[in-house]
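Notes follow the structure.
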Amino acid sequence: MEITAGRAEEQPKTPRLGIISWMLFDWAAQPFFTVITTFIFAPYFVSRLAADPVHGQAVWGYTLTVSGIAIAVLSPVLGAIADATGPRKPWIGFFAVIKIISLGMLWFAAPGSPLLYPAIFLALATVAAEFSIVFNDSMMSRLVSEREVGRVSNIAWGMGYLGGMIVLIAVVAFIAGSPETGKTALGLDPLFGLDPNEGEDARITGPISALWYLVFILPMFLFTPDAQKATTSLAGATARGLAELKGTLGELKERAGILRFLIARMIFQDGVNGLLALGGTFAAGMFGWRTMELGLYGIILNVVAIGGCLYASRLDARLGSKRIVVASLVCLTLATLGIVSTGPGFTLFGLMPLPNEDSGGLFGTAAEKAYILYGLLVGLAFGPVQASSRSYLARSVSLDETGRYFGLYALSGRATSFLAPASVATITVMTGSARIGMMALVAFLAVGLALLLRTPYPAHRPA
């Protein structure tokens, strides 16, 4: 089998409207990750829906584990089938239906209800969201030139954080009422008469995220060009796709740089996913943050993330994707150490005692302020590490193999994704300490960084 050394083909020029519509996919998709799996619903699931935060974090970790295994097993297969069938939009549409229905069902996760049903719908929504990203990412290389992929990828990611931040602001300003006063951050009564004591301010984020996704993926379907449809049937394309996947896995033996990149990403992305999914729940359990505090914390991180992505979009073309990813991983490792070392009255594992006095208002203790400072480092880095990883691979493969390799890329982001949440959940249960459980994330980030430092750039170059 002939090994293509990189993206040598030229693709037709894509109209600006088509590129912007493709970028709107990140804008549409990000609120799910922002308000559901990171800052609002997941912390509600852990700290208020569950009987106690330790049990809640364990169940949430295992929910991520189950969805991660499904994504790891099926992503490369679906990517290979997509290359054989051609168009990506039908697949995105199919998984959009699953995601939208699952998010809508989260409204029924009232306090006192079983954890099983929201856990199932969260897993379904997560799987559908990640599969959609596989097909969307594989479209990028056909839309823009090799030089532009880093800039476009980072800007799209920044647009996603802006979309997520807008939804967060809306929740904090108009929906999330304080349990004590019943008022939102603007001093208003919550919209629709939502009762924070019944968790309605968190539960409504499911239907809101579903509606947002439905509305803003439409431009991609209408204006972004898709690959041409293959002449083979779905059954034939499936057989061909599986055969090509087998061939792709065989190719990796001769493409050591790409293999090393995928392994490095498999490990560090596991740590990134765990940090994003569990950082908010950790703060909710440690400081007792409710929807308003978590929403404001998320807004702060997203403001920084947008700036980080926009700045990285310029640096990516100048310095290369690898340097952006490496710098981001250093920031994330330091930030995670800071986060897990902070608790009421101390930071840096007690080496720096902090006053326990609460000044009143939001984030009133010194420990909460320290936690937010570490969070700023997370916000600065977690967008560029993912966006520039995407452009790293796009610069390393040819156009006709993007589906297969972005399927493997999704696999590399999810193949061991059950390990980080499972490690955190298991260590948390064994030790009875969420803090000790969270320490597992540092190892994933550090090991992934060490492997990436020895990976060529672009990855198709000799190692």
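The values are calculated or read from the model by the stated rules, or taken from the named source; none is laboratory data. Quick caveat: nothing in here was measured; it's all calculated off a predicted structure. Cβ sites come from the backbone with ideal geometry, for glycine too, and all protein chains shown count toward neighbours. Please note that ligands, DNA and RNA were not included when accessible areas were found on the heavy atoms of the full protein model with its side chains. Shrake-Rupley method; radii C 1.70, N 1.55, O 1.52, S 1.80 Å.
Any residue that is modelled with pLDDT of 85 or more, assigned to a helix (DSSP H, G or I) and open to solvent by 40 Å² or more (accessible area, probe 1.4 Å) - is there at least one of those in segment 34-47?
Within segment 34-47 (the criterion being modelled with pLDDT of 85 or more, assigned to a helix (DSSP H, G or I) and open to solvent by 40 Å² or more (accessible area, probe 1.4 Å)), the answer is no, since none of the residues qualifies.
For segment 371-409, give me each residue that is within 22 Å of Arg147 (Cβ to Cβ), in contact with a Leu (Cβ under 7 Å, 6 or more places away or on another chain) and modelled with pLDDT of 80 or more.
Hit for segment 371-409 is Val385, nothing else.
Looking at Thr181, Thr205, Thr224 in this structure, which one is open to solvent by less than 10 Å² (accessible area, probe 1.4 Å), of a type in the set (Ser, Thr, Tyr) and farther than 19 Å from Ile92 by Cβ? Before the answer, list the steps.
Numbers: Thr181 fails: open to solvent by less than 10 Å² (accessible area, probe 1.4 Å); Thr224 fails: farther than 19 Å from Ile92 by Cβ.
The conditions single out Thr205.
On the basis of being surrounded by fewer than 24 Cβ atoms within 10 Å (Cβ to Cβ), in contact with a Ser or Thr (Cβ under 8 Å, 6 or more places away or on another chain) and either of a type outside the set (Gly, Ala, Ser) or closer than 16 Å to Val303 by Cα (or both), does Phe174 make the cut? Talk me through it step by step, then tell me what you get.
Details: surrounded by fewer than 24 Cβ atoms within 10 Å (Cβ to Cβ): yes; in contact with a Ser or Thr (Cβ under 8 Å, 6 or more places away or on another chain): yes; either of a type outside the set (Gly, Ala, Ser) or closer than 16 Å to Val303 by Cα (or both): yes.
The answer is yes for Phe174.
For (1) closer than 30 Å to Lys183 by Cα; (2) open to solvent by less than 40 Å² (accessible area, probe 1.4 Å), each residue gets a yes or a no:
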| residue | (1), (2) |
| --- | --- |
| Phe282 | yes, yes |
| Met292 | yes, yes |
| Asn302 | yes, yes |
| Ser321 | no, yes |
| Ile324 | no, yes |
| Leu354 | no, yes |
| Asp358 | yes, no |
| Ala367 | yes, yes |
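Among the residues of segment 85-128, write down those that are under 23 Å from Asn197 (Cα atoms) and not aliphatic (A, V, I, L, M).
Gly104, Trp107, Phe108, Pro111, Gly112, Ser113, Pro114, Tyr117, Pro118, Phe121
Check Gly79, Gly61 and return the single one that is modelled with pLDDT under 85, farther than 21 Å from Trp289 by Cα and open to solvent by less than 30 Å² (accessible area, probe 1.4 Å). Before the answer, list the steps.
On the way: Gly61 fails: farther than 21 Å from Trp289 by Cα.
Testing whether each residue is modelled with pLDDT under 85, farther than 21 Å from Trp289 by Cα and open to solvent by less than 30 Å² (accessible area, probe 1.4 Å) leaves just Gly79.
So that you can scan it fast, the table gives a plain yes or no per residue for (1) hydrophobic (A, V, I, L, M, F, W, C); (2) at pLDDT below 85; (3) in contact with a helix residue (DSSP H, G or I) (Cβ under 6 Å, 6 or more places away or on another chain):
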| position | (1), (2), (3) |
| --- | --- |
| Thr85 | no, yes, yes |
| Ile101 | yes, no, no |
| Phe108 | yes, no, no |
| Tyr117 | no, no, no |
| Glu130 | no, no, yes |
| Gly150 | no, yes, yes |
| Asn154 | no, yes, yes |
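Among (1) assigned to a helix (DSSP H, G or I); (2) hydrophobic (A, V, I, L, M, F, W, C); (3) over 23 Å from the mean Cα position of the chain (by Cα), there is one condition Val171 misses while meeting the rest; what is its number?
Looking at each condition in turn, Val171 falls short on (3).
Check Leu188 against each of (1) at pLDDT 80 or above; (2) open to solvent by 50 Å² or more (accessible area, probe 1.4 Å); (3) under 28 Å from the mean Cα position of the chain (by Cα) and name the one condition it does not meet.
Result: Leu188 passes all but (3).
List pairs: first in segment 262-275 and under 21 Å from Met438 (Cβ atoms), second open to solvent by 30 Å² or more (accessible area, probe 1.4 Å) and among the β-branched types (Val, Ile, Thr), Cβ under 7 Å, 6+ apart or cross-chain?
As it stands, the answer is Ile267/Val447, since those pairs meet every condition given.
Kindly list, by first and then second residue, each pair from a residue in segment 128-146 that is more than 15 Å from Trp157 (Cα to Cα) and β-branched (Val, Ile, Thr) to a residue that is open to solvent by 10 Å² or more (accessible area, probe 1.4 Å) and not in a helix (DSSP H, G or I), limited to pairs with Cβ atoms under 9 Å and residues at least 6 apart or on different chains.
Filtered contacts from segment 128-146: Val144/Gln11; Val144/Thr14.
Quick check on my filter: what residues within segment 191-202 are open to solvent by 30 Å² or more (accessible area, probe 1.4 Å) and not polar (S, T, N, Q)? Working first, answer last.
Going through segment 191-202, the residues open to solvent by 30 Å² or more (accessible area, probe 1.4 Å) turn out to be 191-193, 195, 197-198, 200.
Matches in segment 191-202: Leu191, Phe192, Gly193, Asp195, Glu198, Glu200.
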